[in-house]
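Asks: Mind looking over this structure? Questions follow.
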Amino acid sequence: MLELRELIVRAGGFTLSDISLALPERQCHVFLGPTGSGKTLLLETIVGFRRPEAGSVVLDGLDITHMPIESRGISYVPQDLALFPHMTVEGNILYGLKMSNNARHRQLVDDIVGIMGIGHLLGRSVKNLSGGEKQRVALVRALATGCKRLVLDEPLSSLHEAMKTDLWFMIRDLMERYALTVYLITHDLEEAFFLGDTVSILMDGKLLQTGNNEEVRLNPQTISAARFLGFRNLFSCKVSGITENTFNVACPGLNSSISISRRINMEQSHENGQSAIIGIHPQNIQFKQGATHCNPDDNILHGIVSKIFGKGDAHILHFMPDGGAVPVEIEIPDHQLRSLGLAQNKRTTISLRPEYLHLMRNSGNGTV
Amino acid sequence: MTFKRLAIFAAFSVFFLYAGLILALLYFYQEGLVLKTLFSDRTLYSIRLSLFAATVSTAISVIVAIPSAYALSRFQFRGKRIIDTMLELPMIVSPAALGAMLLIFFSNPVGIWIQESGLQFVFGINGVILAQFVTTAGIAVRLVKAAMDEIPARYEEVARSLGATPAQAFITITMPLCKRGVLAAVILTWAKALGEFGATITIAGSMAMKTETLPVAIFMRLSGADIEGTVALILILVAIGMGALYAVRLISAREFHA
């Protein structure tokens, strides 16, 4: 178990403040956040490149805050991979073994080299490898020491989608085979939720939220976290009623009263009359065009499609509800757009299903 | 004239400036005299002393420069800025002034004690080496630091996460990666030491067959209005210096392409 206890780390004018986390073994812990949020600084503190100003890093009950990097047993793969350019692939991979004089892991190295399919590259200079080959070599080098904990700092960010997905599967496979614990930094939501067993969202040096994959993905706790997780529709509202299963809110921006499932918003407590924010992901909005019967709890909104933007094999639509002040952003696949015959300025009906709506406390001034 | 041509013209201008100066020597060139001067005991001694002193002072400079440059390149510590500024001293103070500073130091109680302890610097070969070391150490640190600054510290961090100690990371990663830069520093430091005159003559004097390095010998010949002998010695110094520089450059280029 890796525990971060009230960590404060400063780098120049940036401060990573009051980070407390407990991360169990044999899982992939993803640190998610935009550029400049402090993700790398946090992992550099875990690896030992930086000393915290306050707080401690505890690994299996042992305080490693001031322990030398080489004694921590945490391998590191940086974003630029930092393959040693004066060595061959084999030289890179065997570097850790040579430093520790540990021949026991030689078989392990051969196994990992086989799994990652880089046996044919061993004699080559690392300067002549493709991006994907370099990523594999960097991963093998980190694992070759027999180390069970890996810190990966956006190592896949420069790869194209297909290669990235291949490596996601490989990382998952390696985790299972060798009982690895992975601490991964990324700003890629797909990567985070594919690889992460637990996900922590960092923003402006603060830990906004941490939890298991689904908890974080579906239930952002703050507006900033929701925005980062792709909840493009955030509307100010006021809680107007609370029943056993639902929160009812008045949402002037949508000119409508909306009911929200309490089941998926269990983490949050709200009171009548309280100002709040509704969040919904553009992909979770349904069209009800031509539906003859609608359940009132489906939060039906009538209006027009005000704008349509192409996005490869999908489209982003702006739907303006009747009497509403702000458009609802909806993402639908290309085939659905065509089958529904949606076009600009066409009247239509949408449903904001209660189970997809997230109610967050509005800690600001009531505007989104 | 395009910007590119202008830049190339400037490069050739510098070349012709130095090439012109070397060619001008040929006006006083006497074939027999060069060989006679070269094989005279006094000149051979000066060549041996120059090569020996430049090599020893360069070795000491680089041995001091490597850890110093590493500290300045990688770590933040109190006094770093003042050390960095002090490295410029040999560049802002003339070599003669540096030599005078050394002479004054050895006239102080500490300096006198060092001399009386058996290490003779004033008017001795040790003084030649010390003068060359003092004029080149700062430059050597500056050059090696520039080479180390080019190597991202990230490599060492990764090496340490793979189990290397700081010393192992330095020896196995940083040094091999900056070896060309260090080699360049060695070449330039050696060349600077070989041509050192001001500090050397100030502290070690110009005693024939004792402290007379090639630059000092050139000065002595010129002082005696022996232009032909001066030309011969300059040509020897140029040939040794340029030949050594060219050889090392060839070696480093071969290593780079290997």
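Asks: Along its principal axes, what span do the Cα atoms of the protein assembly as shown show, with the longest given first and each in whole Å?
Replies: Result, largest extent first: 116, 65, 52 Å.
Asks: Hey, another quick one. If you count, for each residue, the other Cβ atoms within 10 Å and average over each peptide, how do B:166-178, B:204-216, B:25-37 line up from highest to lowest? Write down the numbers at each step before the final one.
Replies: Numbers: B:166-178: 17.9, B:204-216: 19.8, B:25-37: 12.9.
So the peptides B:166-178, B:204-216, B:25-37, ranked by packing, come out B:204-216, B:166-178, B:25-37.
Asks: Hey, got the average number of other protein chain Cβ atoms within 10 angstrom for residues in A:92-99?
Replies: Working: counts 2, 0, 0, 8, 6, 2, 5, 9.
Mean shielding by partner chains, rounded to a whole number: 4.
Asks: Let me ask something additional. Can you tell me the order of A:297-303, B:194-200 when each peptide is scored by its average per-residue count of other Cβ atoms within 10 angstrom, highest first?
Replies: The most tightly packed comes first, giving B:194-200, A:297-303.
Asks: Across peptide B:148-161, what mean number of C-beta atoms from other chains lies inside 10 Å of a residue's C-beta? Please report the intermediate quantities before stating the final value.
Replies: Values: counts 0, 0, 0, 1, 3, 2, 7, 7, 3, 8, 18, 8, 10, 19.
Per residue, the average neighbour count from other chains is 6.
Asks: Helix-only mean residue ellipticity at 222 nm, chain B, DSSP H runs n ≥ 4 weighted -39,500 (n - 2.57), per residue, nearest 500. What is it? Walk me through the numbers on the way to the answer.
Replies: Working: 14 runs with 197 residues, N = 258.
So the helix-based figure for chain B works out to -24500 deg cm²/dmol.
Asks: Starting from segment A:1-99, pick out the GluC sites (Glu not before Pro) whose DSSP state is loop and whose Cβ has at most 16 other Cβ atoms within 10 Å.
Replies: On the way: sites: A:3, A:6, A:25, A:44, A:53, A:70, A:90; in loops: A:25, A:53.
Passing sites in segment A:1-99 are A:25, A:53.
Asks: Then there is this: Mind giving me the FRET efficiency for residue B:75 and residue B:119? R0 is 30 Å, r the Cβ-Cβ distance, nearest 0.05 is fine.
Replies: On the way: r = 32 Å, r/R0 = 1.07.
Here the calculated transfer efficiency is 0.40.
Asks: Okay, next question. Indicate the helices, whole DSSP H runs only, in chain B that combine a mean Kyte-Doolittle hydropathy of 0.0 or more with a Cα extent along their long axis of 27 angstrom or more. All intermediate terms of the calculation are to be shown ahead of the outcome.
Replies: Details: long enough: B:3-25 (34 Å, 1.93); B:41-74 (48 Å, 0.92); B:125-149 (35 Å, 1.22); B:227-257 (44 Å, 1.44).
Long hydrophobic helices here: B:3-25, B:41-74, B:125-149, B:227-257.
Asks: Considering only B:32, B:248, B:168, whose Cα is most displaced toward the positive end of the charge dipole of segment B:32-257, charges sitting on Cβ of Lys, Arg (+1) and Asp, Glu (-1)?
Replies: B:168
Asks: Once segment A:1-147 is represented by equal point scatterers at the alpha-carbon sites, with solvent omitted, what log10 I(q)/I(0) does the Debye formula produce at q = 0.11, 0.17, 0.20, 0.22 Å⁻¹?
Replies: -0.50, -1.03, -1.21, -1.30
Asks: Hey, got a sec? Which trypsin sites (Lys or Arg not before Pro) in segment B:53-115 land in a DSSP loop and have at most 16 other Cβ atoms within 10 Å?
Replies: On the way: sites: B:74, B:78, B:80, B:81; in loops: B:78.
Qualifying residues, ordered by number: B:78.
Asks: Sticking with this one: At 0.36 nm per residue, and after removing the present C-alpha to C-alpha distance, how many nm does the segment from residue A:304 to residue A:187 gain when stretched out fully? Before the final figure, lay out the partial values.
Replies: On the way: separation 117, 0.36 × 117 = 42.12 nm, distance 3.40 nm.
Using 0.36 nm per residue and subtracting the Cα-Cα distance, I get 38.7 nm.
Asks: So, one more: Return the tail of the calculated pair distribution for segment B:89-162, meaning the percent of Cα-Cα pairs more than 21 Å apart. Spell out each step's value before the answer.
Replies: Numbers: 1284 of 2701 pairs.
Cα-Cα pairs in segment B:89-162 separated by more than 21 Å: 48 percent.
Asks: OK, next. Would you please give the FRET efficiency between residue B:18 and residue B:110, computed as 1/(1 + (r/R0)^6) with r the Cβ-Cβ distance and R0 = 35 Å, to the nearest 0.05?
Replies: Values: r = 42 Å, r/R0 = 1.20.
So the FRET efficiency works out to roughly 0.25.
Asks: When you look at the Cβ of every residue in A:66-78, what mean number of other chain Cβ atoms sits within 10 Å?
Replies: Working: counts 0, 0, 3, 12, 10, 3, 3, 2, 1, 4, 7, 2, 6.
Neighbouring Cβ atoms belonging to other protein chains average 4 per residue here.
Asks: Using the C-alpha atoms of segment B:32-257, what convex hull volume per residue, in cubic angstrom, is computed? Before the final figure, lay out the partial values.
Replies: Numbers: hull volume 32.7 nm³, N = 226.
Expressed per residue, the convex hull around the Cα atoms of segment B:32-257 is 145 Å³.
Asks: Related question: Under the classification rounded if a/c is under 1.5, otherwise prolate if a/b is larger than b/c and oblate if not, where does segment A:150-225 fall, given a ≥ b ≥ c as square roots of the Cα gyration tensor eigenvalues?
Replies: Values: a/c = 1.94, a/b = 1.59, b/c = 1.22.
Since a/c reaches 1.5 and a/b is larger than b/c, the shape of segment A:150-225 is classed as prolate.
Asks: Something else about it: Sorted from largest down, give the three principal axis spans of the alpha carbons of chain A, whole angstrom values.
Replies: Answer, in whole Å and largest first: 72, 46, 36 Å.
Asks: In deg cm²/dmol and to the nearest 500, what is the mean residue ellipticity at 222 nm of chain A if only DSSP H runs of at least 4 residues count, each as -39500 (n - 2.57), divided by the residue total?
Replies: -7000 deg cm²/dmol
Asks: Express in % the proportion of alpha carbon pairs of segment A:222-331 at distances exceeding 22 Å.
Replies: On the way: 2043 of 5995 pairs.
Summing the P(r) tail past 22 Å for segment A:222-331 gives 34 percent.
A short reminder: the numbers here are calculations on the coordinates, not readings from a lab. What you see is a predicted model, and the numbers here were worked out from it, not measured in a lab. No Cβ is skipped: glycine too gets one built from the backbone with ideal geometry, and neighbour counts run over all protein chains shown.
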